Amino acid sequence: MLSALTRRASNLAVHTTDLRTVLRIFFAVSWVLWVTGARADLQAGVVALERDDYATALRVLRPLAEQGNPEAQFELGYMYAEGLGVPQDDGEAVEWYHKAAEQGLASAQNSLGQMYADARGVWRNDGEAVKWFRKAAGQGYTAAYYNLVSINENAVGLWGVSKNVSEAARWYRKAAEEGYTEAQFKLGKRYTTGAERMRWYRKAAEQGHLQAQWELGLVYERRDAAEAVKW
């Protein structure tokens, strides 16, 4: 009798273990399918937005944003910021940017910083702008480097940040090294003569920066006529 009960208990334990394994596999597969479907929907929404099909973009992106997808939240914020398929609403844009930024999306962090810097949908707050620009820059988001340049170079101390030329220079170089053409050009302008000036002008010019090409041509005008004509 005891042996039979032991066997039944053993069989029950095996069945319970099998059921748990099946449930784990079921939930894992369901999760993968949900994530894959959400990613496909997000891509469809972004493509629709790029094609100016705002009705489709809104229909696809809003549910994803409401479910907490940070990329969809950012895109929806952009639509409100620019008035694309929805009434232009800076306050609504800030709300969606903030949701995505809090989840660590660099593009949203940069855009939220820009809203604070430009007093769009919020009171101007350069300190808050710098906070979000730094978060984006910490993830290698190049546009945030240049925004940190601008805010440190132009701050007048009225909105939480004072002018800081050395900090601006640091971010100029960082942005230039990451390939941001405007930063490369302006970094070149900081050098009045020498190889560094030419190096940064050339980097910007090679990426199609028209003013850098013009300045490079002027520099070469006295040295190499063929090179000057090229630029």
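The values are calculated or read from the model by the stated rules, or taken from the named source; none is laboratory data. If you're wondering where the values come from, they're calculated on a predicted model, not measured in any experiment. Here Cβ is always computed from backbone atoms with ideal geometry, including for glycine, and neighbour counts include all displayed protein chains.
Computed quantities for the displayed model
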| item | result |
| --- | --- |
| Subset tally (residues that are under 21 Å from SER111 (Cα atoms) and either among the hydroxyl-bearing types (Ser, Thr, Tyr) or surrounded by fewer than 21 Cβ atoms within 10 Å (Cβ to Cβ) (or both)) for region 49-62 | 5 |
| Unmet requirement for THR16, which otherwise passes all of (1) buried (at least 21 other Cβ atoms within 10 Å of the Cβ); (2) modelled with pLDDT under 95 | (1) |
| Test result for GLY121, surrounded by 15 or more Cβ atoms within 10 Å (Cβ to Cβ), under 20 Å from ALA57 (Cβ atoms) and not charged (D, E, K, R) | no |
| GLU178 being surrounded by 15 or more Cβ atoms within 10 Å (Cβ to Cβ), over 18 Å from the mean Cα position of the chain (by Cα), more than 21 Å from HIS98 (Cα to Cα) and among the acidic types (Asp, Glu) | no |
| Candidate set: region 82-117, residues that are of a type in the set (Asp, Glu) and assigned to a helix (DSSP H, G or I); chosen: the one farthest from ALA57 (Cα to Cα) | GLU102 |
| Residue check for GLY140: assigned to a loop (DSSP other than H, G, I, E, B), surrounded by 18 or more Cβ atoms within 10 Å (Cβ to Cβ) and assigned by TED's automatic domain parsing to the domain that holds LEU58 | no |
| Evaluation of TRP132 against (1) more than 26 Å from GLN207 (Cα to Cα); (2) surrounded by fewer than 24 Cβ atoms within 10 Å (Cβ to Cβ); (3) modelled with pLDDT of 95 or more (one fails), failing number | (2) |
| Residue that is modelled with the lowest pLDDT, among those in region 153-204 that are among the polar types (S, T, N, Q) and under 20 Å from GLY127 (Cβ atoms) | SER162 |
